[in-house]
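Student: What follows is a single structure, and I will ask about it in a moment.
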Amino acid sequence: MKFFGDKVNLRKTPRRTPQKQKNQVPANQQTLSQFIGKKRTSASILNTPNKKKKVDQVDLVSTGSDTPDEVNLDVVTDTEVNLDVVTDTEVDVQQSEIEDINFDVNAVGVTIDDYHLSKAKRSKVISKKYKEEEEVPEGWYKVDHLSPKPIVLIEKIEKIDEIELMLEHVKGILEVEDSDFGEIDDITTTNRFVKISFKNTHNRDVFCRYAEKNQEGWKVTVPTLRNPCLRIVNIDSLIHLKDEEIIERIVKKNKLTLNEETIIKIVHRANRKNGMTLILEVSPIIREIICRRKGKLMIGYKTFQVSDNFGIKICHTCLSYGHNNCNQQIYCRYCSLGHIGKCQIKGNRKLYKCKSCMRSGHQFNDPTCEVFQTKMSYELQYINYTYDWVMAAKLE
């Protein structure tokens, strides 16, 4: 009976109808254009004041609810209700995040530096992006396919002075030799020596023991390996200091450690228009450290790009190897012609022609040139370091 009485009392409750506004259409009769027009943009949500929606004079019967706590907010009220599902809590969170960032949310395409922002807030703004350094600096080239092999040099053979005769004599002896002299990869000549290369150091050592025991008239030596050298150009500070003081500054700036096994010394120093040029002889471990730092070395107040320096003599006048700066005719490094002035094909790599190998597609002294690779392979044999990459400047 109590339940029935409650229902009767509820029916006796006078109806309260909302005050109608001009040209207002009931919620269930809204057209599509009116429905879309009521959706708010993100800017309107961010600018919405932090206050709850006020619902006045709701028709409890039309909403199908018995109590005001169950009122459906989709019913049209005296204020325009957002049809998107956005709660007051979400609006408060978005508003607080934007206020903490402290920039004009109404501006279009706002860009700020994200240094002062947390990781959570960086994803909510359009941050300024800086160019990241590439994994391998531009200009470096691979030489792991030019890995040198162990060699020995026959400097002298008794009663034979000419190199070609020495080569024929060594080949003739080894062709009929029954003793074990190791596995030979190749026999060639240099300007002064007969060079024998092997697949590994074991075979090289076997040949050295064979020559010492069976060929007393041969002077066989294992070439002494030299340390890597590095080249640094356009140094505009420390010019007034002595070599020892420059090395001391470099060691401290770059946090390097020198001991009996590690060295850094200046082997060449020249003052030019753009600054000082240094060639440093370094231990293999120092060269490895600099390579891992992408070829960067701190000198004075600036960071310089370091390049590997080799003993290959290059003439940029006649475009040939073996000497420097001759007085012959000047040739263009791009087209290999003797013209005067700017080259017309500069920048078009397909039209380049190398004067060294006389092939098209690259310029003189390019790392892809076969002649250059032959010179480089010979040079790497005498350096106490296994190169995977050569640190070099970008070719124009």
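Student: Among the residues of segment 231-265, count how many are loosely packed, with under 14 Cβ neighbours inside 10 Å and part of a helix (DSSP H, G or I).
Tutor: Matching residues across segment 231-265 total 4.
Student: So K195 ticks every box in (1) surrounded by 14 or more Cβ atoms within 10 Å (Cβ to Cβ); (2) of a type outside the set (A, V, I, L, M, F, W, C); (3) part of a helix (DSSP H, G or I) but one. Which box is left unticked?
Tutor: So K195 meets the others, but not (3).
Student: Just give me the residues in segment 351-396 being more than 30 Å from P150 (Cβ to Cβ), of a type outside the set (F, W, Y) and buried (at least 18 other Cβ atoms within 10 Å of the Cβ), in sequence order.
Tutor: Scanning segment 351-396 gives K353, C354, K355, H362, Q363.
Student: Under 7 Å between Cβ atoms, which residue pairs at least 6 apart in sequence (or on different chains) link something in segment 324-335 that is at positive phi with a partner that is part of a loop (DSSP other than H, G, I, E, B)?
Tutor: Hits for this filter: N325/T317.
Student: Turning to a different aspect of this structure: Looking only at residues that are among the aliphatic types (A, V, I, L, M) and in contact (Cβ under 8 Å) with a residue 40 or more places away in the chain in segment 247-277, which one is farthest from M298 (Cα to Cα)?
Tutor: In this case the residue turns out to be M276.
Student: Moving on. Can you pull out every residue in segment 362-396 that is outside any loop (DSSP other than H, G, I, E, B) and of a type in the set (D, E)?
Tutor: Passing the criteria: E370, E379.
Student: Could you say which residue among K302, K294 is exposed (fewer than 14 other Cβ atoms within 10 Å of the Cβ), in contact (Cβ under 8 Å) with a residue 60 or more places away in the chain and among the basic types (K, R)?
Tutor: K302
Yes/no matrix, rows are residues, columns are (1) in contact with a strand residue (DSSP E or B) (Cβ under 7 Å, 6 or more places away or on another chain); (2) over 25 Å from R226 (Cα atoms); (3) small (G, A, S); (4) in a strand (DSSP E or B):
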position: M276; (1), (2), (3), (4): yes, no, no, yes
position: L280; (1), (2), (3), (4): yes, no, no, yes
position: I285; (1), (2), (3), (4): no, no, no, no
position: I290; (1), (2), (3), (4): yes, no, no, no
position: K294; (1), (2), (3), (4): no, no, no, no
position: T303; (1), (2), (3), (4): yes, yes, no, yes
position: G311; (1), (2), (3), (4): no, no, yes, no
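Each reported figure results from applying straightforward, stated rules to the coordinates on display, with no laboratory input. Here the structure is a predicted model, which is why all the values come from computation and not from measurement. Counting neighbours? That spans all protein chains shown, and the Cβs are built from the backbone with ideal geometry, glycine included.
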